[in-house]
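These notes concern the structure reproduced below.
The values are calculated or read from the model by the stated rules, or taken from the named source; none is laboratory data. These figures come from a predicted structure and were not determined experimentally. A quick note on method: Cβ atoms are made from the backbone with ideal geometry, for glycine too, and the neighbour counts reach across all protein chains shown. With ligands, DNA and RNA removed, areas are computed over all heavy atoms of the protein, side chains included. Shrake-Rupley method; radii C 1.70, N 1.55, O 1.52, S 1.80 Å.
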Amino acid sequence: MSKIGLIIKREYKFRICRKSFILLTLLMPFLFAALVFVPMWLASLGEDENQTIAVIDDTGRYASLFENTETYTFLPVEGSMAMYRERNDREIFAFLHIADDLAKNSGAAVLYSSRQVPRTLVNIIDQTLTDAVREERLQAFEVPHIDQVIRVVNSEFHVRTVKWGDEGETQESRSFEVAAVLGMLTTLLIYTFITLYGSMVMQGVMEEKTNRIIEVMVSSVKPFELMMGKIVGIGLVGLTQVCLWGILTFVLLWAAQFLGGGAELLAEAERLSANSAALAEPEIIAGIEQLLALPWAKIMVCFLFYFVGGYLLYAALFAAIGSALSHPEDSQQFMTPVLVLMIFSLYAGIYGVENPDGPLAFWASLIPFSSPMVMMMRLSFDVPFWQLLVSWVLLILSIVLAVWFSAKIYRVGILMYGKKPTLREIWRWTKKT
Amino acid sequence: MLEVKNIIKQYSGHLALDGVSLQVPKGQIFGLLGPNGAGKTTLIRIINRITAPDSGEVYFDGHLSQPDDVFRIGYLPEERGLYKKMKVGEQALYLAQLKGLSAREARINLEEWFNRFDLMSWWNRRVEELSKGMQQKVQFITTVVHHPDLLIFDEPFSGFDPVNAELLKQEIQALKEQGHTVIFSTHNMASVEELCDHIALINHAQVVLSGSVHEIREQFRRNRYRVVIQDPGSAVHAEDDAYTIEKQMRDDRYIRMLVRKNPELRNSELLTLLSARYEIISFEEAVPSMNEIFIQTVSSTGKSIEK
C-alpha cells in the first residue's frame, strides 16, 4: 500500500473506531427522528385537554356565534360575573363577558380567567367577534345582496410566475418556498460539515505537532503526503458519518411506522395534514409537484461536489493553521479570519435566498470560499450553466492553490516550535523551496 | 556508510551549519557531540532528508542521498512522541509500514522485538496507558524494526532511567555487532567513552574536532600522570626540569600527585627518577576524559569565534 494510502487508512480507522464517533453517529438519527416526531406528539398531547369557556352574553347576540373547537368548548351561561367569581368554578377555564353591543362599545368584551390565557383562545374569540361586528355593521348599511358583494370583492389573487427557458420554452417558475427550504438545508449541511471536520483536521495536525510524533513521521513520509492523507482520511470519516446519518434516519422513520406509538403518531400526522390539505389542497399538491420537478440529479451531483470541494479548500487552510501553531491557545487568533469567511458565506447564502439572481448571490456563488454554500442555495432556482461551470473551475483551481500554499506552510511549520509565528514569517515560509 | 560534504544551512538570521563535513564509517558507532544549539539536530534532519541543506551534499552508501534512502535509516528524535490514543501494536505496525515493511513483515519483526522487551501484553493497550519508560521502549522498537543500515539516535539516553539506559546501551552495542552503523548525538560523555568508535564535535555550526575516540584521546594527552607515593615525612617537590608536580594532596599515609613530565622523558625514566626518591604505590597516565576534551574544545573554539 502506498504511504498516503496508509496514512488515510490510519486516520480513517482510528477516528471511525472512536467511541465519540460511534456515539454521535448512532444518536444523531434519533435526534433527527425526534425532531420530526416530538412536535407531532406534543401537538397531539395538547389536544387531549378540552377547556370550557363560559360565555356570559348580556346582549344575547354573540354567544351562539362561538363554534366549539377540539380544544375549547364554548358554553353560554346565565348570571353575573360576581356570582361566578365567588363560586370559583375550577371546571370552567375562562369566562367571556360581553356587556354591551360591540358595534357601539368595542371595549365591552372581557375575558376573565384565573390562569394564563393562551394566545390561540384569544385569537379565536377576536376573530369570531370581529366577523360578527363586521357583519352587523355591513347589515346596518342595508345594501341589498351585501353578502355576495363581499364574497366577490374578497376573492384573493395569486400571480403566476413563468420563466422563459433558453430554448424559447416557457416553464412554470418553481415554488419559492420549496426551493428555499432545500437550499437552506444543503447550505447548512455543508457549513456544519466544513466547520466540524475542518477543525478536526486542524486539531489532528496540532496533535501530531505537540506530541512530537511529527519528527518521526516526516523522516519516513513527505510532509505533503502526511497533510493530504490527513485531509482525505478525515474527509472520508465525515462522508461516512453523513451517509450513515442519512440511512439511519431513513430507517428509523420507516421503522417507526411499524411500531405501535409510531403508527398512532403517523396517523395523527396524516390526519393533521389531511385537515390542512382540505383547506389548501391545490397548493399542497402544487408544492409536491414542484418538489418533484426540481432537478434532483443536478442538485445531488452539485451537492457532492461542493460538499467535498468546500471541505478540501477549508481543510487545507485549517491544516496550515494547525501546523503554524505550537500552542492550542493561539489557535483562536489564526482561526478568526477563516471563521469570518465561513460565516460571511453562510449569511450570503441565507440572504441570497431572497433574491437568488441578485448581485450578492451571484458573486458569492462564484467566489470559491463562499461558492460551496451560496451556490447550493441558488441551485434549487435554476442557475445558468456557464455560472455553474465558472464556479466549479474556480473552486477546483483554488483548491489546488490552497493545497499547494498550505503544503508549503505545513512543511516548515510542523517542525517549528516556540513562539507563535507572525503572518510575515509564515509568508516567508511559503517562499522557501 | 555516510559522508557529509560541506553542508551549509542558514535559518532566518543565523547560520546553523557552516561547511560541515563528516565521514561515518560503516559498522561503527559514531558520536555527534556538541553543546546545545550547535547545529547537531539540524545536521541530523538533513541526513534524514527532513530539511534540505542550502548547499553541500550527503552521500549515503556511496551514492548521493535519495528519497528512498530514508527506508534504510532508523531515526529516534530527541523529542519523542507517539499517538497517545492509539493502541501500541497498531501504532508500531503503522510506523513500521511507513518505513516500507509489508504488514506481514512488520508484524513478525514487531512481535520479536516486543517479546524481547517484554511488552507483548501491552500490544492492545493505548499508548497513554504505558509508563514513560515503556513508551521509550516502544519508540526504540519502531526505530529499529525495519532493520535499517543506519541508525540515528538523537539524545537516546535522555528520559531513560539507569536500568533502561543500560538496556539501550546493550541494544546499541548489539546492533553494531550485527553490522548496523549507528550515529548518536549526546551530551552524556560517559556513554561516548563506552560506546563510540568515532566522534565529531560540532560547535558554533562547525566541526571543531573529529576522528576516532582513541586518536582524539591520544591527541589530548598532556604527559600527565597520577602518582601515589608513601608519605616520606618531608616536603615533596619537583627536583629538576624532568618533571613538575602540578598538584599534591596528602591522604593519611599517602600523597596523591599529578605529575607532568618533560615530553622527551620516557615513562620508565620518569619512574626511575621517582622511585629513586619515593616508595611508589601506583602510577598511571592521566588520559583526559571525553568530558574534559569536550569542555576544553568547546570553550577554546567558542572564544576564537567570538574574536
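What length, rounded to one decimal in nm, is gained on full extension from B:Q23 through to B:S275, with 0.36 nm per residue of separation minus their alpha-carbon distance?
86.2 nm
In the neighborhood of A:T59, defined by Cβ-to-Cβ distances under 10 Å, what is the net charge if each Lys or Arg adds +1 and each Asp or Glu adds -1?
-3
Give the calculated FRET efficiency between A:D131 and A:L360 to the nearest 0.05, with a Förster radius of 41 Å applied to their Cβ-Cβ distance.
0.40
Which residue fluctuates the most in chain B, going by a Gaussian network model with Cα springs under 10 Å, if the choices are B:E111, B:E284, B:E264?
B:E264
In nm, to one decimal, how far is the A:V340 label point from the B:D68 one, both placed 7 Å along Cα→Cβ?
5.0
Taking the Cα-to-Cβ direction at B:N6 and at B:E57 and moving 7 Å from each Cα, how far apart do the two end points lie in nm?
Calculated label separation equals 1.0 nm.
Can you sort A:D57, B:D118, B:D149 by solvent-accessible area, 1.4 Å probe, largest first?
Descending accessible area places them as B:D118, B:D149, A:D57.
Any idea of the accessible area per residue across the stretch A:50-153, 1.4 Å probe, to the nearest Å²?
67
Subtracting the Cα-Cα distance from 0.36 nm times the residue separation, let me have the gained length for B:K169 to B:N115 in nm, one decimal.
17.6 nm
Considering the zone a paramagnetic label at B:K84 would reach in this model (a point 7 Å from Cα along the Cα-to-Cβ line), which residues of the stretch B:111-130 have amide N under 17 Å from it?
Flagged as within label range: B:125-130.
Suppose all protein chains stay in the model; what accessible area per residue would a 1.4 Å probe give for chain B, in Å²?
Value for chain B: 48 Å² per residue.
Can you list the HN-Hα couplings for the stretch B:220-236, worked out from phi with the Karplus curve (6.51, -1.76, 1.60; θ = phi - 60°), rounded to whole Hz and with x for Gly and Pro?
8, 5, 10, 6, 10, 9, 9, 10, 10, 10, 6, 4, x, x, 10, 5, 9
Using a 7 Å offset from the Cα along the Cα-to-Cβ direction at both A:V393 and B:D231, what is the distance between the two label points in nm, to one decimal?
Output for this residue pair reads 10.0 nm.
Can you work out ³J(HN,Hα) from phi for every residue in the stretch B:53-61, in order, using Karplus 6.51 cos²θ - 1.76 cosθ + 1.60 and θ = phi - 60°, giving whole Hz and x for Gly and Pro?
Per residue, the Karplus-derived 3J(HN,Hα) values read x, 5, 8, x, 10, 10, 9, 10, 6 Hz.
Among B:K99/B:K137; B:K85/B:K137; A:K209/A:K420; A:K230/A:K419; A:K209/B:K176; A:K222/B:K99, which pairs are too far apart, with a Cα-Cα distance over 21 Å?
Flagged as over cut-off: A:K230/A:K419; A:K209/B:K176.
Explain nothing, just the number: relative contact order of chain B, from Cα pairs under 8 Å at least 6 residues apart, as a whole percent.
20
List the residues of the stretch B:44-59 whose accessible area drops by at least 50 Å² when all protein chains are present, compared with their chain alone, using a 1.4 Å probe and counting only protein heavy atoms.
B:R45, B:I50
What is the magnitude of the charge dipole of the protein assembly as shown about its Cα centre, with +1 placed on the Cβ of each Lys and Arg, -1 on the Cβ of each Asp and Glu, and no other charges, expressed in debye to the nearest 20?
Dipole of the protein assembly as shown, to the nearest 20 debye: 3180 debye.
Are there any trypsin sites (Lys or Arg not before Pro) in the stretch A:92-145 that are in a DSSP loop and have at most 15 other Cβ atoms within 10 Å? List them by number.
Answer in residue order: A:K104, A:R115.
Once neighbouring chains are kept in place and the probe is 1.4 Å, which whole percent of the accessible area of the protein assembly as shown is contributed by carbon and sulfur?
Carbon and sulfur together cover 59 percent of it.
Mind listing the long-range amide H neighbours of B:N203? Cut-off is under 5 Å, sequence gap 5 or more, other chains count too, H placed in the peptide plane at 1.01 Å from N.
B:V208
In Å² (nearest 100), what accessible area is buried between B and A, both sides summed, heavy protein atoms only, 1.4 Å probe?
Roughly 2300 Å² of accessible surface disappears when B and A pair.
Just the accessible area for A:C243, please: 1.4 Å probe, Å², rounded to the nearest 10?
80
Taking +1 at the Cβ of each Lys and Arg and -1 at the Cβ of each Asp and Glu, which of A:V412, A:L366, A:F381 sits farthest along the dipole of the stretch A:331-433 towards its positive end, judged by Cα position relative to the Cα centre?
Among A:V412, A:L366, A:F381, the one farthest towards the positive end of the dipole of the stretch A:331-433 is A:V412.
Can you tell me how much longer the chain between A:V117 and A:K9 gets when fully stretched, taken as 0.36 nm per residue apart minus their C-alpha distance, in nm with one decimal?
Gain on stretching A:V117 to A:K9: 32.8 nm.
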